[in-house]
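Reading through the structure tokens given below for one structure.
The values are calculated or read from the model by the stated rules, or taken from the named source; none is laboratory data. Just so it is clear, the structure is predicted and the values come from calculations on it, not from any experiment. Note that we place each Cβ from the backbone using ideal geometry, even for glycine, and neighbour counts take in every protein chain shown.
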Amino acid sequence: MNYNFDEIIDRRGTSCLNTDGFREYIFHADENMKFPFADDEFIRMWVADMDFATPDCIIDGIKKRLDRRIFGYTRIFGDEYYNAFRAWTEKMYGWSFQREQLYPSPGVIPALYELTGYICGPEDKVLMMTPSYAYFKYAADHNDIGYVYSDLVDRNHNGYYEIDFDDFRKKAADPAVKLFIFCNPHNPTGRVWTEEELRKTAEICFENNVMIISDEIHCDLLRSGLTHTPLAKLYPDSDQIITCMAPSKTFNVAGLQFSNIIIPNRKVQEMCQKYHSFDVNPLSLAGAQAAYEGGYDWMIELRKYLDGNFAYVKECLNEHLTKAVFRVPEATYLGWVDIGEYIDKDENIPLLFANKAGVLLEGGNMFVHNSDTYIRLNVACPRSVLKEGLKRICSVLSEEN
Ligand SMILES: Cc1ncc(COP(=O)(O)O)c(C/N=C2\CONC2=O)c1O
């Protein structure tokens, strides 16, 4: 079946962060912040949701629940949802988990905030790899505890990031480090960690009694032909690995606020029993179940479309921004580009592109550390929009030099 990923859908008037929240999120400004472009003239390549219609199977699943016409308090009762999600992880990853280990969360970020509080004490620290999705740091901030980062390294400066295991081992050995939030696959570098990298990372944490939250929210959106390995799959008897997955990135339903947290650790389970909210939105539950039961073919077609978008990015930068460093990411729909040869190190990158190109993107110091001269491009948009965004970006950087 063909899905129309080229369709441009008007998101204005839907109160979405992507169109209405950029002033506050990127620029920490209010609605009075002005730009040389009208809001609907911007090409939006920033927040990680997609400008593609959610698959019909999900919409139909939600409509079916709407037809029941009562939306009272709802939790995950019975095994219907568990069976749908477990069938997905078995089909996709050859991995499953016990029913009692599955906890719903309104989002992976709320889960990170909550779990960090359960696992860390006031004198403890959270470890992360940088550049990092900033909300990993915010999970520490939210709990008023410190954080430590280990910079990933792009040894050949070709866009292929690796873990600096000597540095990671040193950071994990800090007695205050009790939790490592692992981004697997990695946002923003796009790495899909190999089994060897996964095992080396996990065993350093095990040796230092560091609990691992493996944030695998991007695990379904790999380049065609690549395979994700859930970290917990490698350690079926370990209770030191909490796994976070969700339909939100895969099927563009982040607004449904529905995520899967798999917790094998008895102590953390007990904390959840005491403090966690198990209530879910009935429409979100219906949508998530429909996604896992019927969304596979759409996801495969989405992967192919994103492959094509990234091929275009590579071709465009090779031709027009020859000094930029970009490698097609192994996962996510987020391109990570070093434009250091075109800008000053202290440039406010998002402001430059908003004012000069009419493009909304994230970059610079928005990724905790190790990201100063980089931009992150969300390419999950119709190709015509991607082409216009890249044309504007290239023209601004060419003019600057
Ligand atoms: C690694 C990672 N974890 C968690 C989340 C959010 O989970 P949620 O609370 O929505 O379930 C994101 C979304 N990443 C975004 C969202 O906008 N820009 C980003 O890079 C993410 O990239």
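Within region 233-251, being touching a residue at least 60 places away in the same chain (Cβ under 8 Å) and either acidic (Asp, Glu) or surrounded by fewer than 22 Cβ atoms within 10 Å (Cβ to Cβ) (or both) holds for one residue alone: Lys233. In region 269-294, the qualifying residues are those that are of a type in the set (Ser, Thr, Tyr) and assigned to a helix (DSSP H, G or I), and the one that is farthest from the chain's Cα centre (by Cα) is Tyr275.
Counting only helices (runs of 4 or more DSSP H) that sit wholly inside region 295-401, those with at least 1 residues that are of a type in the set (Val, Ile, Thr) and closer than 30 Å to Tyr147 by Cβ are 349-356. Scanning region 78-98 turns up no residue that is part of a loop (DSSP other than H, G, I, E, B) and within 16 Å of the ligand (Cβ to nearest atom). Against the conditions (1) in contact (Cβ under 8 Å) with a residue 60 or more places away in the chain; (2) within 13 Å of the ligand (Cβ to nearest atom); (3) buried (at least 22 other Cβ atoms within 10 Å of the Cβ), Met366 satisfies every one except (3).
Screening region 99-127 for residues that are away from the ligand (no atom under 13 Å from the Cβ) and of a type in the set (Gly, Ala, Ser) and picking the one that is nearest to Gly255 (Cα to Cα) gives Gly117.
Yes or no, residue by residue, for (1) under 28 Å from Glu100 (Cβ atoms); (2) assigned to a loop (DSSP other than H, G, I, E, B); (3) not polar (S, T, N, Q):
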position: Lys137; (1), (2), (3): no, no, yes
position: Arg155; (1), (2), (3): no, yes, yes
position: Asp174; (1), (2), (3): no, yes, yes
position: Ile181; (1), (2), (3): yes, no, yes
position: Gly190; (1), (2), (3): no, yes, yes
position: Leu198; (1), (2), (3): yes, no, yes
position: Cys219; (1), (2), (3): yes, yes, yes
position: Ala232; (1), (2), (3): yes, no, yes
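Out of Lys91, Lys137, Lys170, one residue alone is more than 20 Å from Ile242 (Cβ to Cβ) and in contact (Cβ under 8 Å) with a residue 60 or more places away in the chain. It is Lys91.
Report yes if Leu226 is within 16 Å of the ligand (Cβ to nearest atom), over 18 Å from Tyr135 (Cβ atoms), within 22 Å of the chain's Cα centre (by Cα) and assigned by TED's automatic domain parsing to the domain that holds Ile109, otherwise no. Step through it out loud before you land on a result.
On the way: within 16 Å of the ligand (Cβ to nearest atom): no; over 18 Å from Tyr135 (Cβ atoms): yes; within 22 Å of the chain's Cα centre (by Cα): yes; assigned by TED's automatic domain parsing to the domain that holds Ile109: yes.
For Leu226, the condition - within 16 Å of the ligand (Cβ to nearest atom), over 18 Å from Tyr135 (Cβ atoms), within 22 Å of the chain's Cα centre (by Cα) and assigned by TED's automatic domain parsing to the domain that holds Ile109 - is not met.
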